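S.K.: Take a look at this one; I'll ask things after.
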Amino acid sequence: MLDRLPLLIGLRYVRAKRRNHFISFISLTSMLGLTLGVAVLILVLSVMNGFDRELRTRILGMVPHTQIEKPSGMTEWESLAERLTQREHVIGAAPYIEQQGMFSVDGRNHGAMVNGIKPDWERRVSIVDEHMTQGSLDDLVPGEWNVVLGSTLARQLGVGVGDNVTLLVPEASITPAGVFPRLKRFTVSGTFSVGADLDANLAYANIEDMQTLARMGNAVGGLRLELDDLFMAGSVTQSIIDDLGSGYRGLDWTYTRGNLFQAIQMEKRMIALLLTVIIAVAAFNIVSTLVMVVTDKHADIAILRTIGATPRSIMGIFMVQGMAIGVIGILIGVGLGVLLALTVSDIIAFVESTFGVHFLDAGVYFISELPSQLLWSDVGNIVLAAFVLTFLSTLYPAWRAAKVQPAEVLRYE
């Protein structure tokens, strides 16, 4: 019976109505603090995981993992593409020509990067075909001078499928009448939307049309490579350049989007640390709760000691009480946090549609929708951290209870 004593009495103290309502209030705030801390930490980490996932799937699905370029242009790119796709970690290759320019329509101007592509090859390294909102990449037929615009870019220019846009490139043409910028009229054949900043500054045209515009003949600017592990981009790129020798250069995604990815990882760590402090504050509120309970229960402790309870049993009673408060708060917090993490995207979408507000600007946050990805490993780590903090917070009050001297207490009873 004495072995079960700490558990039975500790749980009874949790359920019992206390004469001191202030102690009950502190117990409730400790439990609520743990609940909110755990729930918010699960929610925030899930949103950060969502941003990380969107970076990898959306943005890095459009941006090449690795680019192999040759400043003088590649003419025998097909044989090189075949060689590179046989290398470890390389699962796709596609030729491209990049041309920075400015689209102009009826006085509206907007800069963009125009990618000259082969549609059937581009599908091997890009997800753009999966995010077409109008038209198709197959409409980029050589000689027809069609262009596919990002949805935001098309909206800013005020054009749709079938409209004409003029592309000005930063290369001058010398004519008898003087020096003029090189320009070409394109027909909008489609639009795409990936919900990222690429929608506002990216366009696609046929590679043969871009070869003509850039006066490159049969050469292409380089090859885009798709990797099975994007974190291997740096080493794979360096290995390829070492094998190809001089005249080639490599550029992987860490140069163009690496800072964003690192920022997300750093923010995730810092936010997790800050919110863990909130959990710690709530957990250590249990210290004050148990200290007041110990003071309130001096007489009960003394009686238990006189009938044979050991100091260890007394410690166990108050540790069980503190852990019960903590575990209840943690479990409720986990349930609430998981529910919010699974539904936050729908909740934000409902609020945006109902009140006409927009929380995320793709030009600032790189995506326009609030993403969320619940990882059970994060939930496990949060529960473990909260449990350890709760356990530590019970040690001092329980130790003080075990040090109560029955004779000193009962003298005044």
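The values are calculated or read from the model by the stated rules, or taken from the named source; none is laboratory data. Here the structure is a predicted model, which means the values were calculated and not measured. Cβ sites come from the backbone with ideal geometry, for glycine too, and all protein chains shown count toward neighbours. Accessible surface areas use protein heavy atoms only, side chains included; no ligands, DNA or RNA. Shrake-Rupley method; radii C 1.70, N 1.55, O 1.52, S 1.80 Å.
S.K.: Please list, or write none, the aspartates and glutamates whose alpha carbon is within less than 16 Å of the alpha carbon of LYS403, excluding same-chain residues fewer than 8 places away.
M.R.: Qualifying aspartates and glutamates at Cα under 16 Å: ASP296, ASP300.
S.K.: Can you give the local net charge around LEU153? Use residues other than it whose beta-carbon is closer than 14 angstrom to its beta-carbon, Lys and Arg +1, Asp and Glu -1.
M.R.: Here the count lands on -1.
S.K.: When we measure straight from the Cα of LYS184, which lysines land under 20 angstrom away, once same-chain ones fewer than 8 places off are left out?
M.R.: LYS118
S.K.: In debye, nearest 20, what is the charge dipole magnitude of the chain about its Cα centre with +1 on Lys and Arg Cβ and -1 on Asp and Glu Cβ, if you could check?
M.R.: The calculated dipole for the chain is roughly 2620 debye.
S.K.: Order LYS403, LYS70, most accessible first, counting only protein heavy atoms with a 1.4 angstrom probe.
M.R.: Heavy-atom accessible area, descending, gives LYS403, LYS70.
S.K.: Could the peptides 305-317, 389-401 be put in order, highest first, of the mean number of other beta-carbon atoms found within 10 Å of their residues?
M.R.: On the way: 305-317: 17.2, 389-401: 20.5.
Going from most to least packed, we get 389-401, 305-317.
S.K.: Tell me, what is the per residue accessible area of the chain in Å², probe radius 1.4 Å? Don't jump to the answer; show the numbers that get you there.
M.R.: Values: 20540 Å² over 413 residues.
Here the residues of the chain average 50 Å² of exposed surface.
S.K.: Take the alpha-carbon centre of the range 103-129, take the same for the range 196-272, and report the distance between them in whole Å.
M.R.: Using only Cα atoms to place each centre, the spacing works out to 15 Å.
S.K.: Along the positive direction of the dipole of the chain (beta-carbon charges: Lys, Arg +1; Asp, Glu -1; about the Cα centre), which of GLY158, GLY92, LEU274 reaches farthest?
M.R.: Value: LEU274.
S.K.: Give me the net charge for the shell around ARG249: Cβ to Cβ below 13 angstrom, other residues only, Lys and Arg +1, Asp and Glu -1. Each step should come with its number before you reach the end.
M.R.: Numbers: positive: LYS70; negative: GLU69, ASP242, ASP252.
So the surrounding residues net to -2.
S.K.: Please identify which residues in the range 216-230 have an amide N closer than 15 Å to a label point set 7 Å out from the Cα of LEU244, following the Cα→Cβ vector.
M.R.: Hits in the range 216-230 for LEU244 at 15 Å: 219-227.
S.K.: Search the structure for amide H atoms under 5 Å from the amide H of GLY92, placed 1.01 Å from N in the peptide plane, and list their residues when 5 or more places away or on another chain.
M.R.: Counting only residues 5 or more places away or on other chains, the set is GLU226.
S.K.: Ignoring ligands, DNA and RNA, what percent of the accessible area of the range 176-258 is carbon or sulfur (1.4 Å)?
M.R.: The C+S portion of the solvent-accessible surface of the range 176-258 is 50 percent.
S.K.: Same structure, new question: So what's the net charge close to GLU82: Lys and Arg +1, Asp and Glu -1, counting the other residues with Cβ under 13 Å from its Cβ?
M.R.: Local net charge: +1.
S.K.: Given springs between every Cα pair under 10 Å in a Gaussian network model of the chain, which of VAL40, VAL338, VAL351 has the largest fluctuation?
M.R.: VAL351
S.K.: Now a separate question. So if we plug the beta-carbon distance of ASN259 and ASP129 into 1/(1 + (r/R0)^6) with R0 = 35 Å, what FRET efficiency do we get, rounded to 0.05?
M.R.: Efficiency for this residue pair is about 0.80.
S.K.: Dividing the Cα radius of gyration by the Kirkwood radius, what Rg/Rh value follows for the chain?
M.R.: Numbers: Rg = 32.4 Å, Rh = 26.2 Å.
Looking at the chain, the ratio lands at 1.24.
S.K.: Continuing with the same structure: Mind checking the full-extension length gain between SER72 and LEU274? Use 0.36 nm per residue of separation minus the Cα-Cα distance, one decimal, nm.
M.R.: My answer for the length gained is 67.6 nm.
S.K.: Express the carbon and sulfur contribution to the solvent-accessible surface of the range 315-357 as a percent, rounded to the nearest whole number, probe 1.4 angstrom. Walk me through the numbers before you get to the answer.
M.R.: Values: 1640 of 2010 Å².
Carbon with sulfur: 81 percent of the solvent-accessible area.
S.K.: Percent relative contact order of the range 279-382, based on C-alpha pairs within less than 8 angstrom and at least six residues apart? Write out the running numbers ahead of the final one.
M.R.: Working: 34 pairs, mean separation 22.4, N = 104.
The value is 22 percent.
S.K.: What FRET efficiency do you get for ALA299 and TYR396 if R0 is 22 Å and r is their Cβ-Cβ distance, rounded to the nearest 0.05? Could you put the intermediate results ahead of the total?
M.R.: Working: r = 21 Å, r/R0 = 0.96.
E between ALA299 and TYR396, to the nearest 0.05, is 0.55.
S.K.: Also, I was wondering about something else. So which DSSP H runs in the chain come out at 20 Å plus along the axis (Cα) with average Kyte-Doolittle of at least -1.0?
M.R.: Result, helices passing both filters: 21-54, 258-296, 311-355, 376-402.
S.K.: Enter the accessible area of HIS65 (Å², nearest 10), with the probe set to 1.4 Å and all protein chains included.
M.R.: 10 Å²
S.K.: Taking all pairs of distinct Cα atoms, average 1/r, flip it, and tell me the Kirkwood hydrodynamic radius of the range 185-301 in Å to one decimal place.
M.R.: It is 20.9 Å.
S.K.: Follow-up question, since we're still on this one. When the expected Rg is taken as 2.2 N^0.38 Å, what fraction or multiple of it is the alpha-carbon Rg of the range 48-187?
M.R.: Cα-based Rg divided by the globular estimate yields 1.21.
S.K.: Antiparallel DSSP bridges in the chain: what percent, to the nearest 5? Please report the intermediate quantities before stating the final value.
M.R.: Numbers: 43 of 53 bridges.
If we restrict to bridges inside the chain, about 80 percent are antiparallel.
S.K.: List residues of the range 53-92, by number, whose backbone nitrogen lies under 13 Å from a label position 7 Å along Cα→C-beta of GLU267.
M.R.: Residues 53-55 qualify, since their backbone N sits under 13 Å from the label point.
S.K.: Now a separate question. What number, rounded to the nearest 500 deg cm²/dmol, is the helix-based mean residue ellipticity at 222 nm of the chain, given -39500 (n - 2.57) per DSSP H run of at least four residues and division by all its residues? Walk me through the intermediate numbers first.
M.R.: Values: 14 runs with 218 residues, N = 413.
Value at 222 nm, helices only: -17500 deg cm²/dmol.
S.K.: Evaluated at 20 °C with a viscosity of 1.002 mPa s, what Stokes-Einstein diffusion coefficient in µm²/s does the range 232-310 have when Rh comes from the Kirkwood expression over alpha-carbon pairs?
M.R.: Working: Rh = 18.6 Å.
Reported coefficient: 115 µm²/s.
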